[in-house]
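To start, the structure itself, in structure tokens.
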Amino acid sequence: MSANQQPILEGRGLSKRFGGHQALNKVDFQLFPGEVLALAGDNGAGKSTLIKCISGAHLPSEGTVFLEGKPIHITSAQEARTHGIETIYQDLALAENLDVGANVFLGREPMTKMFGFLPMLDRKLMRSASAEVLDTLEIHTRLDKPVRELSGGQKQAVAIGRAIYWKARVLIMDEPTAALGVPEQRKVVELIHRLKSQGVSIIFISHNLIDIFAVADRIMVLRRGELAGERNAKDTNGDEIVKLMVGG
Ligand SMILES: Nc1ncnc2c1ncn2[C@@H]1O[C@H](COP(=O)(O)OP(=O)(O)OP(=O)(O)O)[C@@H](O)[C@H]1O
Ligand SMILES: [Mg+2]
């Protein structure tokens, strides 16, 4: 990424305190258009806190987030979405009892009118539109299946499909492969490559260095709430990243 390119998303001096605990301390970051940025760090290093400050789940105690150079003050995930920022948290935030189609539209359901006047959910549109988006991602699952009956990997895929349908420009994924089996991890890695090729900028949190090196252009390492270092993936290796993670 060239230094003169404008980041799509940038944070300057982001800090977050929880009571007396400094979870994040003056962290700067940039995410460039079409880039996959991996966020690495030990447990409690501040990775989730950082992305929550970006996605509206937390308000930073200090610092500013910029979208395409303009300061933004996001106070909810809903608001982040209107800016094209979609976040997939580790627990996914899917509604387990609803089917796949309903989950793609969760919180943004299209309506139609029964008998021309009674408002009702447009289930047909939800199914056909979700079928289309899951198809382009080559995700094959029955759309009328309640989400609770899907595997972890299929759930990730639905969450990713939802981000695509709503045309996320920035996709933030907090440990998307942590709870998955090996084939499903591969699928998610494949989906990330596909999204990147469609121009989506991605922040990817993982403890798994193999996944990180499989997807990342750049790797940012946090340690005890501070930026421990930043490397282009092609200029570093697992040993160096681990050293940055543990310090010393
Ligand atoms: N809501 C909260 N209230 C109080 N402390 C919190 C809260 N969220 C996080 N912390 C603390 O902030 C620090 C950073 O937590 P964070 O969840 O960002 O770490 P992480 O890098 O995502 O770790 P992990 O890899 O285990 O998910 C930790 O010490 C954690 O205990
Ligand atoms: Mg975390």
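The values are calculated or read from the model by the stated rules, or taken from the named source; none is laboratory data. Predicted model, so just to flag it, every value in this text is computed and none were measured. Neighbour counts are summed over all protein chains in view; Cβ atoms, including those assigned to glycine, are modelled from backbone coordinates with ideal geometry.
Among the residues of the stretch 163-179, write down those that are more than 16 Å from ligand 2 (Cβ to nearest atom) and at negative phi.
We begin by selecting, within the stretch 163-179, every residue more than 16 Å from ligand 2 (Cβ to nearest atom); these are 163-171.
Matches in the stretch 163-179: Ala163, Ile164, Tyr165, Trp166, Ala168, Arg169, Val170, Leu171.
Can you confirm whether the stretch 85-108 contains a residue that is modelled with pLDDT of 80 or more, touching a helix residue (DSSP H, G or I) at 6+ places or on another chain (Cβ under 7 Å) and at positive phi?
No, the stretch 85-108 contains no residue that is modelled with pLDDT of 80 or more, touching a helix residue (DSSP H, G or I) at 6+ places or on another chain (Cβ under 7 Å) and at positive phi.
Say we look at the stretch 29-65 and pick out the residues that are farther than 11 Å from Leu222 by Cα and of a type in the set (Asp, Glu); which of these is surrounded by the fewest Cβ atoms within 10 Å (Cβ to Cβ)?
Only one residue tops the list, namely Glu62.
I want to confirm something. Restricting to the stretch 193-224 and keeping residues that are assigned to a strand (DSSP E or B) and either surrounded by fewer than 20 Cβ atoms within 10 Å (Cβ to Cβ) or aliphatic (A, V, I, L, M) (or both), which single residue is farthest from ligand 1 (Cβ to nearest atom)?
To start, the set of residues in the stretch 193-224 that are assigned to a strand (DSSP E or B) comprises 201-205, 218-223.
Those left that are additionally either surrounded by fewer than 20 Cβ atoms within 10 Å (Cβ to Cβ) or aliphatic (A, V, I, L, M) (or both): 202-203, 205, 219-223.
Values: Ile202: 17, Ile203: 13, Ile205: 7, Ile219: 14, Met220: 12, Val221: 11, Leu222: 6, Arg223: 10 Å.
Here the answer is Ile202.
Within the stretch 225-239, how many residues are surrounded by fewer than 11 Cβ atoms within 10 Å (Cβ to Cβ) and within 16 Å of ligand 2 (Cβ to nearest atom)? Can you show your working first?
Step one: list which residues in the stretch 225-239 are surrounded by fewer than 11 Cβ atoms within 10 Å (Cβ to Cβ), which gives 234-235, 239.
From what is left, the residues that are within 16 Å of ligand 2 (Cβ to nearest atom) are none.
The total comes to 0.
Of Leu171, Leu134, Leu143, which residue is at pLDDT 80 or above and away from ligand 1 (no atom under 16 Å from the Cβ)? Don't jump to the end; show me each part of the working.
On the way: Leu134 fails: at pLDDT 80 or above; Leu143 fails: at pLDDT 80 or above.
Within the list Leu171, Leu134, Leu143, the selection yields Leu171.
Would you confirm whether or not the stretch 52-63 contains a residue that is part of a strand (DSSP E or B), more than 14 Å from Ser201 (Cα to Cα) and not aromatic (Phe, Trp, Tyr)?
Step one: list which residues in the stretch 52-63 are part of a strand (DSSP E or B), which gives 62-63.
Next cut, more than 14 Å from Ser201 (Cα to Cα) only: 62-63.
Restricting the remaining residues to those that are not aromatic (Phe, Trp, Tyr) gives 62-63.
Yes, there is a match, as at least one residue in the stretch 52-63 is part of a strand (DSSP E or B), more than 14 Å from Ser201 (Cα to Cα) and not aromatic (Phe, Trp, Tyr).
When the stretch 20-39 is examined, which residues are found to be more than 12 Å from Arg224 (Cα to Cα) and either within 8 Å of ligand 1 (Cβ to nearest atom) or part of a strand (DSSP E or B) (or both)? Give the derivation first.
From the stretch 20-39, those more than 12 Å from Arg224 (Cα to Cα) are 20, 28-39; that's our starting set.
Asp28, Phe29, Gln30, Leu31, Val36, Leu37, Ala38, Leu39 - these are the residues of the stretch 20-39 that are more than 12 Å from Arg224 (Cα to Cα) and either within 8 Å of ligand 1 (Cβ to nearest atom) or part of a strand (DSSP E or B) (or both).
Which residues, taken from the stretch 66-94, are among the charged types (D, E, K, R), away from ligand 1 (no atom under 16 Å from the Cβ), surrounded by fewer than 18 Cβ atoms within 10 Å (Cβ to Cβ) and under 16 Å from the mean Cα position of the chain (by Cα)? First the steps, then the outcome.
Of the residues in the stretch 66-94, the ones among the charged types (D, E, K, R) are 68, 70, 79, 81, 86, 91.
Still in the running and away from ligand 1 (no atom under 16 Å from the Cβ): 68, 70, 79, 81, 86.
From the residues that got through so far, the ones that are surrounded by fewer than 18 Cβ atoms within 10 Å (Cβ to Cβ) too are 68, 70, 79.
Residue satisfying the conditions is Glu79 alone.
Can you pull out every residue in the stretch 180-220 that is out of contact with any Lys or Arg (no Cβ under 9 Å at 6 or more places or on another chain), among the charged types (D, E, K, R), closer than 18 Å to Lys234 by Cα and more than 16 Å from ligand 2 (Cβ to nearest atom)?
Of everything in the stretch 180-220, just one residue is out of contact with any Lys or Arg (no Cβ under 9 Å at 6 or more places or on another chain), among the charged types (D, E, K, R), closer than 18 Å to Lys234 by Cα and more than 16 Å from ligand 2 (Cβ to nearest atom), namely Lys196.
Could you go through the stretch 1-20 and let me know if any residue there is under 24 Å from Leu191 (Cβ atoms), of a type in the set (A, V, I, L, M) and modelled with pLDDT under 95. Explain how you work it out, then say what you get.
Kept after step one, since they are under 24 Å from Leu191 (Cβ atoms), are these residues of the stretch 1-20: 1, 7-9.
Those left that are additionally of a type in the set (A, V, I, L, M): 1, 8-9.
Okay, now just the ones that are also modelled with pLDDT under 95, so 1.
Within the stretch 1-20, one or more residues are under 24 Å from Leu191 (Cβ atoms), of a type in the set (A, V, I, L, M) and modelled with pLDDT under 95.
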